[in-house]
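Asks: Sharing a structure here in structure tokens format.
The values are calculated or read from the model by the stated rules, or taken from the named source; none is laboratory data. Because the structure is a prediction, the values reported are computed rather than measured. Note that we place each Cβ from the backbone using ideal geometry, even for glycine, and neighbour counts take in every protein chain shown.
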Amino acid sequence: MQDIFEACKKVQPDLINLWRDIVNIDTGTGYSKGLKQVGEIISEFCIRQGMQVERYPVNGPQSEFNICARRKGAGEKSILLLAHMDTVFPEGTAVERPFRTDSEWAYGPGVSDCKGGIVLALYAMEILKKFEISSYGHITCCFNCDEEISSPGSRDLIMELAKQHDYVLSLEPGQTNDGVVAWRKGVGKLKVEVHGKSSHAGSDPDNGCNALLELTHKINSMAGLADRDKQTTVTFTKAIAGDRLNVVTDFAEAWADVRVVYAEEFDRIESDARRLADASVIEGTNTVVTLTRGRPPFAPNEGTEMLIAQAEKIYAEIGRTLHKSGVGGASDANLAAAAGAIVLDSLGPVKGGPNHTADEKTRLESLVPRLYLLTRLIIELGNRDFNKNMLSFEKEVRG
Ligand SMILES: [Zn+2]
């Protein structure tokens, strides 16, 4: 174990160089040029590690691709690593504010989300090869190109891969308290459309059926569908109504961001919203609601708790304390969990400022510990004795 920790320390300068290279290439979702360049760098690295690299083209005009790099071992259990290549930043961002470090932090577009995770996966593979460790059945590293828009072109691939692997380790950034993520909320979108009748606001206000006024009632009642105990949130964030000051509007529309920890909460919200839609306050208005389900929830579960317990032990080997939390934001871990895999997320280097903003940053001091944690986790998860303990949980989780 000590020698693995030493190896993690030794590769840090190389890891930072590769990190700099890929942060300095813009990879906003849909920006094919940059995504291809970063995809090439990742592919070449994996080929040098003796891995089999396969590209999965993404449907659409952009001709981007997802990458899977595979290595076979001599053990039984299979492990899937997930990290995404795309960022939320447009072309030109990397030139504006390239990768840089100070004594504590690394900065740059996507430095934390998720390019730190990419380099961690790559160097874990290098260290495993260096020590000729093959305790696992096989490892697949999946690097996708559209996570930031909810993975439309990689969703099926990730769910299929998740079914084929025993454990999924997702390399989204570590939480600011040096934490991993034990569960993530699923995401939905509630659209509320109100149809009324227009009239002149000056000469004939009572003849109209005010869609805007009805919408305010609907927003008030439907916001109440949130459930604090279950951590379900219904947050109205957008609305449009009317275009002239002197006309009672016949149409108004609003959207709410919906987040749930438990999948059945989507069903409850859908049926309750329909019931509320039918009860009009302003006579003559008619309301239609639509709930669109995005990424499903990654609910708290015992399999994940076992992985966290193992990760805590490994972290303790180097004198560190691993924290855990649940978060409102979804990631590809949600897809893997919904496919029935045992998932642990946020194993990447520890983040600092808020991601998706210019203040994104990564704690440099976390690089070596997080690389050690990932490498050792892969070793332990492939280990037969450990998996004996997991067996009952797997039966429970997978049925
Ligand atoms: Zn991410």
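Asks: For the subset of segment 316-330 comprising residues that are in a loop (DSSP other than H, G, I, E, B) and either at pLDDT 95 or above or touching a Cys at 6+ places or on another chain (Cβ under 6 Å) (or both), which member is surrounded by the fewest Cβ atoms within 10 Å (Cβ to Cβ)?
Replies: Restricting to residues being in a loop (DSSP other than H, G, I, E, B) and either at pLDDT 95 or above or touching a Cys at 6+ places or on another chain (Cβ under 6 Å) (or both), the top hit is Gly319.
Asks: On to the next question. Does Pro90 satisfy being away from the ligand (no atom under 16 Å from the Cβ) and not polar (S, T, N, Q)? Walk me through it before giving the result.
Replies: Values: away from the ligand (no atom under 16 Å from the Cβ): yes; not polar (S, T, N, Q): yes.
Judged against the criteria, Pro90 is a match.
Asks: Could you say which residue among Lys197, Lys230, Lys185 is charged (D, E, K, R) and over 30 Å from Ile342 (Cα atoms)?
Replies: On the way: Lys230 fails: over 30 Å from Ile342 (Cα atoms); Lys185 fails: over 30 Å from Ile342 (Cα atoms).
The unique qualifying residue is Lys197.
Asks: Another question, then. When you scan segment 331-345, how many residues do you find that are among the small types (Gly, Ala, Ser), in a helix (DSSP H, G or I) and within 15 Å of the ligand (Cβ to nearest atom)?
Replies: Taking segment 331-345 as the starting set, the residues that turn out to be among the small types (Gly, Ala, Ser) are 331, 333, 336-341.
Applying the additional criterion that residues be in a helix (DSSP H, G or I) yields 333, 336-338.
This time we only want the ones that are within 15 Å of the ligand (Cβ to nearest atom), so: 333, 336.
Selection size over segment 331-345: 2.
Asks: Within segment 282-297, count every residue that is farther than 10 Å from Ala211 by Cα, in contact with an Asp or Glu (Cβ under 9 Å, 6 or more places away or on another chain) and surrounded by 17 or more Cβ atoms within 10 Å (Cβ to Cβ).
Replies: The total comes to 4.
Asks: Is it the case that Arg268 is among the charged types (D, E, K, R), within 22 Å of the chain's Cα centre (by Cα) and either surrounded by fewer than 22 Cβ atoms within 10 Å (Cβ to Cβ) or over 26 Å from Glu360 (Cα atoms) (or both)?
Replies: So Arg268 does not fit the description; no.
Asks: State yes or no: is Cys209 within 16 Å of the ligand (Cβ to nearest atom) and either assigned by TED's automatic domain parsing to the domain that holds Val350 or more than 23 Å from Leu371 (Cα to Cα) (or both)?
Replies: No: the conditions fail for Cys209.
Asks: Which numbered condition in (1) part of a loop (DSSP other than H, G, I, E, B); (2) surrounded by 15 or more Cβ atoms within 10 Å (Cβ to Cβ) is the only one that Lys218 fails?
Replies: (1)
Asks: Tell me whether segment 28-43 contains one or more residues that are more than 27 Å from Thr93 (Cα to Cα) and part of a strand (DSSP E or B). Working first, answer last.
Replies: We begin by selecting, within segment 28-43, every residue more than 27 Å from Thr93 (Cα to Cα); these are none.
Taking every residue of segment 28-43 in turn, none turns out to be more than 27 Å from Thr93 (Cα to Cα) and part of a strand (DSSP E or B).
Asks: Still on this model: Do we have Ile47 as in the same structural domain as Pro152 (by TED's automatic domain parsing) and either without any contact (Cβ under 8 Å) to a residue 40 or more places away in the chain or surrounded by fewer than 18 Cβ atoms within 10 Å (Cβ to Cβ) (or both) here?
Replies: The answer is yes for Ile47.
Asks: In this structure, is Val38 within 21 Å of the chain's Cα centre (by Cα), surrounded by 13 or more Cβ atoms within 10 Å (Cβ to Cβ) and either closer than 17 Å to Cys142 by Cα or modelled with pLDDT of 95 or more (or both)?
Replies: yes
Asks: What strands (runs of 3 or more DSSP E), lying completely within segment 102-181, carry at least 3 residues that are more than 15 Å from the ligand (Cβ to nearest atom)?
Replies: Qualifying strands (runs of 3 or more DSSP E): 105-107, 138-144.
Asks: A further question on this structure: Being in contact (Cβ under 8 Å) with a residue 40 or more places away in the chain and touching a His at 6+ places or on another chain (Cβ under 6 Å) is true for just one of Asn246, Asn286. Which residue is that?
Replies: On the way: Asn246 fails: touching a His at 6+ places or on another chain (Cβ under 6 Å).
Of Asn246, Asn286, the one residue that is in contact (Cβ under 8 Å) with a residue 40 or more places away in the chain and touching a His at 6+ places or on another chain (Cβ under 6 Å) is Asn286.
Asks: Starting from segment 113-125, keep only residues that are touching a residue at least 40 places away in the same chain (Cβ under 8 Å), then list their pairs with residues that are among the aromatic types (Phe, Trp, Tyr) and away from the ligand (no atom under 13 Å from the Cβ) whose Cβ atoms are within a distance under 6 Å, requiring at least 6 positions of separation or different chains.
Replies: Val119/Trp19; Leu122/Phe45
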